[in-house]
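Heads up: the structure comes next, in structure tokens.
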Amino acid sequence: MSTDSLPAQNSPAQSRPTAAAPAPAAVRRATAIGGLAIVMWSTLALLTALSGTIPPFQLVAMSFGVAFIVGTAAGAARGKDVIGVLRQPWRVWLLGVAGLFGYHFFYFLAFRLAPGAAVEVNLLNYLWPLLIVLFSALLPGERLKRGHVMGALCGLAGTVLIVTGGGRGLSLDAGDTPGYLSAMAAAVLWASYSVLSRRFGDVPTEAVGGFCLATAVLAGLSHLMFETTVAPSGGEWLAVLAMGIGPVGAAFFVWDHGVKRGDIRALGVLSYATPLASTLLLILFGQAAGGWTVWAACALIMGGAVLASRDVLRGDR
């Protein structure tokens, strides 16, 4: 055999596997899919208002139970192995359950520990979009640019206007510190879940159904420990079903796809649109009053979104 017929020997540098960067069009598409979660989350406040007097943990248990059923049925209809997909490493389960249940646990605990500081608690909770932008710089292949930071700060300023009604009524009381810490824990947990999910990009999105089931069970136990069961009326059942299908159902599935395959920095900044869109819906349905703060917040949040999304809109990385 001549040496011409021997396979060429690659150099060590050539033989190392390299990860192909995703196509800009695929990143834009995944970012848009992840953005659907933000649209759905904006309906959560309205649906929560329509759910009446159902206690928080009971509401979480019921809505996430619906999310598990709907998500599993949708996966089975597409021919997915909805049982096999649940066989994931313990680290994946820890991340998923800490993200979904842990966030809601500390979120509601914050309001329970600081009942007179709802504005401050809500504002601290909405640190999570900014944290997503900052934490994303720790991911391989990601780097933080000036536009991302400026966009996140604009979004934060807009959220302050929305949550505080123009900066009025914001004060910190040392007695509410446990509630503030719980709200910050919720923000850190959700931001960490969103960013770390990218490290488990090979885990199918259908696994989120298992996280929803675990969240429903743990929320049910929390309800039995801390709350009194309320029997929902017909209209309240419809609100629970809508929540399970949308903002606490499909939203977590499309968010999983977006943070794993889209521009996570842009998604972080775009998330600041959630309190704005939520407020606009409440105004539209007569559940809240509008004012100059809404439009000022709109300008800040949309401007921040444009600043942070310039790269992905241009197809840059």
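Only the coordinates and a few stated rules stand behind these numbers; no lab work does. Please read all numbers here as calculations on a predicted model, not as lab measurements. Glycine gets a Cβ as well: all are built from the backbone with ideal geometry, and neighbour counts include every protein chain shown.
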Cleavage-rule hits, chymotrypsin sites (Phe, Trp or Tyr not before Pro), the range 223-294, DSSP coil, Cβ neighbours within 10 Å at most 14: Phe285
May I ask you to compute the full-extension gain from Phe285 to Lys145, defined as 0.36 nm times their residue separation minus their alpha-carbon distance, rounded to one decimal in nm? 46.5 nm
Evaluate 2.2 N^0.38 Å with N set to the residue count of the range 185-297, then give the Cα radius of gyration divided by it. 1.29
Quick one: grab the alpha carbon gyration tensor of the range 66-151, order the square roots of its eigenvalues as a ≥ b ≥ c, and give me rounded if a/c is under 1.5, else prolate or oblate depending on whether a/b is larger than b/c. oblate
Would you mind ranking Ile38, Ile69, Ile301 so that the residue whose beta carbon has the fewest other beta carbons within 10 Å leads the list? Ile69, Ile38, Ile301
How do His257, His104 rank when sorted from fewest to most other Cβ atoms within 10 Å of their own Cβ? His257, His104
In which sequence would Thr228, Thr31, Thr72, Thr48 go, from the one with the fewest C-beta neighbours within 10 Å to the one with the most? Thr228, Thr48, Thr72, Thr31
Could you tell me how many degrees, from 0 to 90 and to the nearest 10, lie between the Cα long axis of helix 208-226 and the main elongation axis, the longest principal axis, of the Cα atoms of the chain? 30 degrees
Whole-angstrom Cα spans of the chain along principal axes, big to small: 84, 43, 36
